[in-house]
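The values are calculated or read from the model by the stated rules, or taken from the named source; none is laboratory data. Note that the structure is a prediction, hence the values are computed from the model and not measured. Positions of Cβ are backbone-derived with ideal geometry, glycine not excepted, and every protein chain shown enters the neighbour counts. Note: areas computed on protein heavy atoms with side chains; ligands, DNA, RNA excluded. Shrake-Rupley method; radii C 1.70, N 1.55, O 1.52, S 1.80 Å.
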Amino acid sequence: SPDGAQLSVTHGNDMYVGTAQNPLVQLLDLGGLTARYPAWSPDGTRLALAVRKTTNEPWRLAIYDLNSGQLSFPDAPTNIGGLAGAPRQRLVFAAPSAAGQPQDIFMLDATGSAANITNTPDAEEDLPAWSPDGHTA
């Protein structure tokens, strides 16, 4: 988490929030979805996740509100290959821009709009991360 007090872990098909001493404190109710790649919001109240129901489905972006327990699904490309949160409510993730294309890096802003920020159809891009100052992905 941004304050360093909590962490989020994938354990089996489930997602938990806990502490370094006890990482499996809170099981998130994802309605039977499998989750991976948790990324914290800057204020620590939400987690972005890649989720799917079955192994035949693509991974899609979901936002879990830790206060309400609500799960929402932004309008974003599927087949998520990694997520990274950063200051100023920005989230980056890897996903193909179209079926059969390699993954590009997309940025989701606070309004829920996803924009392809790399658009490199000849290169596979995976597991984005932010610089320490939060200005460069």
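The figures follow:
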{"read-out": "Residue list for the range 33-46, filter: at pLDDT below 95 and either closer than 11 Å to D65 by Cα or part of a loop (DSSP other than H, G, I, E, B) (or both)", "value": "W40, S41, P42, D43, G44, T45, R46"}
{"read-out": "Criterion violated by L7 - all others in (1) more than 22 Å from D75 (Cα to Cα); (2) open to solvent by 30 Å² or more (accessible area, probe 1.4 Å); (3) within 13 Å of the chain's Cα centre (by Cα) satisfied", "value": "(3)"}
{"read-out": "Leading residue by the ranking (most open to solvent (accessible area, probe 1.4 Å)) among those in the range 10-35 that are under 19 Å from F93 (Cα atoms) and among the polar types (S, T, N, Q)", "value": "T10"}
{"read-out": "Cβ-Cβ under 8 Å pairs, at least 6 apart or on other chains, the range 36-52 side without any contact (Cβ under 8 Å) to a residue 60 or more places away in the chain and surrounded by fewer than 22 Cβ atoms within 10 Å (Cβ to Cβ), far side in a strand (DSSP E or B) and among the acidic types (D, E)", "value": "T45/D65; R46/D65"}
{"read-out": "Pair list, Cβ under 8 Å, 6 or more apart: the range 109-132 residue within 17 Å of A39 (Cβ to Cβ), other residue modelled with pLDDT of 90 or more and charged (D, E, K, R)", "value": "I117/D104; E125/D104"}
{"read-out": "Segments classed as strands (runs of 3 or more DSSP E), wholly inside the range 62-125, with at least 2 members that are surrounded by 11 or more Cβ atoms within 10 Å (Cβ to Cβ) and of a type outside the set (G, A, S)", "value": "90-96, 103-108"}
